[in-house]
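K.L.:
Here it is: the structure, laid out below.
The values are calculated or read from the model by the stated rules, or taken from the named source; none is laboratory data. Keep in mind that this is a model prediction, so the values were computed, not measured. Cβ atoms come from the backbone with ideal geometry, glycine included; neighbour counts cover every protein chain shown.
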Amino acid sequence: MINILQIGMGYLGRTIAEYINEKQSMRTVAAIDINPDFNGVNFSDLSSKKINHDFTIGNAFSNISNLEQADVVVLTTSSSLETIYTQLDEILDYSLPVVSTCEELTFPWKRNQSISTKIDVKAKKKGVAVVSTGVNPGFLMDTLPTMLTGVCKNVSHVQVSRIQDARTRRIPFQKKIGAGLTLDQFEERKQEGSLRHVGLTESMYFVAQRLGWEIDFTEDVISPVIAHSDIVTDQMEIPKGYVMGVQQIGRALNNGEEKIKLNFQAAVGNGESYDEIQILGEPNINSKIEGGVHGDIATCSIVLNTIPRLLQTTPGLKTMSDLPVVSFIH
């Protein structure tokens, strides 16, 4: 049995808790969240599903009485590496390995070299491993494409498209992608940075590193997806000419030649959902997942399925390419 300390009990943390409760091989033994509304709340009361855990949520390590039971930490607090660095540093004080959902931690070496080195050095000193993962980044737009190149004699270009019809997604996700905004409101949110899907650049550097490519230029371009007619769903109405979602395109170049292109598009009323990987090489490979991979289910699942592999690997800051092949566990 793997005993888990969960840090961050927002939507993702609560969903992961429900998934853990269904596992035969793991259980949550403690939980921390800085939200004062959660402090002292019984863990089982966070979910509408039956979770049989009789302990309360703390707001710091200092008020977790059974910390010594934990084998690993699942950290689901922020997409920003700078934000979670102090959290990681404190976790490592207790010599606990970490699986995180922080997008900027999935391949942090290029854009956050200093912080990455500090985490790596301390993790090695404490004898534990740290990794971040998710559906994207962490799998669909980086790990999976590089695995598919394993049957290629040579590769010259990788393109991945993740196209989602957000009509069936929860309202917070629809709002996150700007659905229902005017063009001016979209631009304002874009400038604030609140519309950006975090992780495309990390995915591009991951792919480049795995394929041995030098990258001298990357770009990450965000644009609105415009409704060409009125859209009415059970959750919202989007007038013609308003924003129905976001498109984000990442490109990585070497000497002016595009080597990697990542196309992320999520919009209410897109019409179809799919994930497609196109590899130009010998042989060419085109792999398309009709209907796409459900983001919330996949993220929660890969976090938990990664844990046994993380516990088997050597100490330090890892990426998904450093772990043995991750697969479903009971």
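K.L.:
Quick check on this structure: which one of 265, 235 is part of a loop (DSSP other than H, G, I, E, B), outside the structural domain of residue 6 (by TED's automatic domain parsing) and either buried (at least 16 other Cβ atoms within 10 Å of the Cβ) or polar (S, T, N, Q) (or both)?
P.N.:
None of the other options fit; the residue is 235.
K.L.:
Any residue that is surrounded by fewer than 20 Cβ atoms within 10 Å (Cβ to Cβ), of a type in the set (Ser, Thr, Tyr) and on the phi < 0 side of the Ramachandran plot - is there at least one of those in region 131-141?
P.N.:
Within region 131-141, not a single residue is surrounded by fewer than 20 Cβ atoms within 10 Å (Cβ to Cβ), of a type in the set (Ser, Thr, Tyr) and on the phi < 0 side of the Ramachandran plot.
K.L.:
Which of the following residues is assigned to a loop (DSSP other than H, G, I, E, B) and among the basic types (Lys, Arg): 162, 167, 111?
P.N.:
Only one candidate passes the filter, namely 111.
K.L.:
Related question: Among the residues of region 47-68, are any under 22 Å from the mean Cα position of the chain (by Cα) and surrounded by 21 or more Cβ atoms within 10 Å (Cβ to Cβ)?
P.N.:
no
K.L.:
Can you pull out the residues in region 180-203 that are buried (at least 20 other Cβ atoms within 10 Å of the Cβ), in contact with a Lys or Arg (Cβ under 8 Å, 6 or more places away or on another chain) and part of a helix (DSSP H, G or I)?
P.N.:
The answer is 201, 202.
K.L.:
A follow-up question, please. Within region 79-108, track down each residue that is among the small types (Gly, Ala, Ser) and surrounded by 19 or more Cβ atoms within 10 Å (Cβ to Cβ).
P.N.:
The answer is 100, and nothing else.
K.L.:
Can you pull out the residues in region 69-89 that are more than 22 Å from residue 109 (Cβ to Cβ), more than 16 Å from the chain's Cα centre (by Cα) and not in a loop (DSSP other than H, G, I, E, B)?
P.N.:
Correct list: 69, 72.
K.L.:
A follow-up question, please. Please state which one of 115, 177 is touching a helix residue (DSSP H, G or I) at 6+ places or on another chain (Cβ under 8 Å), crowded, with 16+ Cβ neighbours inside 10 Å and free of Cβ contacts under 8 Å to residues at least 60 places away in the same chain.
P.N.:
115
K.L.:
Select, from 307, 302, 329, the only residue that is on the phi < 0 side of the Ramachandran plot, in contact (Cβ under 8 Å) with a residue 12 or more places away in the chain and not assigned by TED's automatic domain parsing to the domain that holds residue 10.
P.N.:
So the residue among 307, 302, 329 that is on the phi < 0 side of the Ramachandran plot, in contact (Cβ under 8 Å) with a residue 12 or more places away in the chain and not assigned by TED's automatic domain parsing to the domain that holds residue 10 is 329.
K.L.:
Give the residues of region 1-46 that are under 22 Å from the mean Cα position of the chain (by Cα) and assigned to a loop (DSSP other than H, G, I, E, B), sorted by residue number.
P.N.:
Answer for region 1-46, where residues must be under 22 Å from the mean Cα position of the chain (by Cα) and assigned to a loop (DSSP other than H, G, I, E, B): 8, 9, 10, 23, 33, 34, 35.
K.L.:
If you go through region 297-321, how many residues are part of a helix (DSSP H, G or I) and either surrounded by 15 or more Cβ atoms within 10 Å (Cβ to Cβ) or over 17 Å from the mean Cα position of the chain (by Cα) (or both)?
P.N.:
Final tally of qualifying residues: 16.
K.L.:
Please go through region 268-296 and give me each residue that is under 16 Å from residue 158 (Cα atoms), surrounded by fewer than 19 Cβ atoms within 10 Å (Cβ to Cβ) and touching a residue at least 24 places away in the same chain (Cβ under 8 Å), ordered by number.
P.N.:
276, 278, 280, 281, 282, 283, 285, 287
K.L.:
Sort out which residues of region 18-42 are closer than 12 Å to residue 55 by Cα and among the hydroxyl-bearing types (Ser, Thr, Tyr), and write them in order of number.
P.N.:
Matches in region 18-42: 28 only.
K.L.:
Select from region 146-159 the residues that are touching a helix residue (DSSP H, G or I) at 6+ places or on another chain (Cβ under 7 Å) and assigned to a helix (DSSP H, G or I) and list them in ascending order.
P.N.:
146, 149
K.L.:
Further question: Which residue is nearest to residue 173 (Cα to Cα), if the candidates are limited to region 189-247 and must be in contact with a strand residue (DSSP E or B) (Cβ under 7 Å, 6 or more places away or on another chain) and small (Gly, Ala, Ser)?
P.N.:
Taking the candidates together, the pick is 245.
K.L.:
Could you please tell me which pairs satisfy a Cβ distance under 9 Å, a separation of 6+ or placement on different chains, a first residue in region 2-29 that is of a type in the set (Asp, Glu), and a second residue that is in a helix (DSSP H, G or I)?
P.N.:
Qualifying pairs under 9 Å: 18/300.
K.L.:
Ok, one more. Scan region 268-283 for residues that are more than 20 Å from the chain's Cα centre (by Cα) and assigned to a loop (DSSP other than H, G, I, E, B) and jot them down.
P.N.:
268, 269, 270, 271, 272, 283
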